[in-house]
Amino acid sequence: MIYSWPALMIGCLLLAYWARVVRMAHKLRRRKKFELGANFIPPEPVGRWLRIMWIPLVGLWIILPLLVALRGGLPVVLRPMVQWPMVSWIASIMAAGAFVATWVCWRRMGKSWRMGINPAEKTQLIVSGPYAYVRHPIYGLSSVLMLATVAAVSSPAMIVVAMAHLALLQWEARREENHLSRLHGQAYVDYAARTGRFIPICRQRQGANVK
C-alpha cells in the first residue's frame, strides 16, 4: 500500500540522483585514473570529516521519504507533522524540476565535475551555461530538492536532516570558493563579483537611467 505518492516520487528521485552521483564518480575514476573518484572521499582532512557527517545525512534523506510512502504507523519523529496533499504534489514537481536542472549542470561541468576539494589538482573554471549566473547551481538546486522534500515529508527527523544538510552546503560552498580563489586568482575573483552564490544576482545596467 502506498501511503504518500508524492513522498514515493521524491524518494525515487533521490535514489536516482545519488545513484547518478556515484556513477559519475566511478566513471571519472576509471577514465582518469583518479584514486578517490572525483574526490568522492577528498584528500584534505576537513573534506573527509565533512563526508563522515554528510553520507549518513544523504542516507536518511533518501530513506525518510520512502518510509513515509511505504509504511504506516511510523513513530512520531518519522511521521509528517502536517499533510497537505496539494503542497506535497507541488513539492514533488519542484523536486523533479530540480533534478532535471541538476542533470543539465552535471553535463555542463563535464570532466571538471568534482565532489570535493583536492588542493593538488587544477581543474578548468567553468563560467558558461548556468555557471554564467550562479557559482554553485548544483548546491542551489540541492537546496531546492531538500526544501521540496521537507514540504512533502515534514517530519521532525526530516527537518533536522534538512537543517544539517543546508548548513553543510553553505560551509562547503565557501570552502570551494576559497580554494578556487587560490587556484584561479583574479579570474575567479572577477567571476565571483558578477555571479550569485546560489541564485542569480540582479544588477542594473550601467547607464540605463542616463539620458
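Among the residues of region 68-80, which ones are of a type in the set (A, V, I, L, M, F, W, C), exposed (fewer than 14 other Cβ atoms within 10 Å of the Cβ) and over 25 Å from the mean Cα position of the chain (by Cα)?
V76
In the set (1) closer than 30 Å to A7 by Cα; (2) under 18 Å from the mean Cα position of the chain (by Cα), the condition left unmet by G129 is number (1). Only one entry in V58, V22 is assigned to a helix (DSSP H, G or I), surrounded by 15 or more Cβ atoms within 10 Å (Cβ to Cβ) and hydrophobic (A, V, I, L, M, F, W, C), namely V58. Scanning region 100-108 for residues that are modelled with pLDDT of 95 or more, more than 21 Å from Y139 (Cβ to Cβ) and surrounded by 17 or more Cβ atoms within 10 Å (Cβ to Cβ) turns up nothing. Is it the case, given these coordinates, that S155 is in contact with a Pro (Cβ under 6 Å, 6 or more places away or on another chain) and of a type in the set (S, T, N, Q)? Yes: the conditions hold for S155.
Are any of the residues in region 91-98 surrounded by 14 or more Cβ atoms within 10 Å (Cβ to Cβ), assigned to a loop (DSSP other than H, G, I, E, B), modelled with pLDDT of 95 or more and under 17 Å from the mean Cα position of the chain (by Cα)? No, region 91-98 has no match at all. If we keep just the residues of region 143-158 that are polar (S, T, N, Q) and surrounded by fewer than 24 Cβ atoms within 10 Å (Cβ to Cβ), which is nearest to P75 (Cα to Cα)? Among those residues, the one meeting the criterion is S155. Taken across region 159-176, residues that are modelled with pLDDT of 95 or more, closer than 17 Å to A98 by Cβ and outside any helix (DSSP H, G or I) do not occur at all. Taking each residue of region 38-54 that is free of Cβ contacts under 8 Å to residues at least 40 places away in the same chain and looking for partners that are surrounded by 13 or more Cβ atoms within 10 Å (Cβ to Cβ) and not aromatic (F, W, Y) with beta-carbon atoms closer than 8 Å, six or more apart or interchain, yields R48/I41; R48/P42. Among residues belonging to region 78-90 that are under 14 Å from W5 (Cβ atoms) and part of a helix (DSSP H, G or I), point out the one that is modelled with the lowest pLDDT. So the residue we want is P85.
The values are calculated or read from the model by the stated rules, or taken from the named source; none is laboratory data. Not measured: the values here are computed from a predicted model. Cβ: placed from backbone, ideal geometry, glycine included. Neighbour counts: every protein chain shown.
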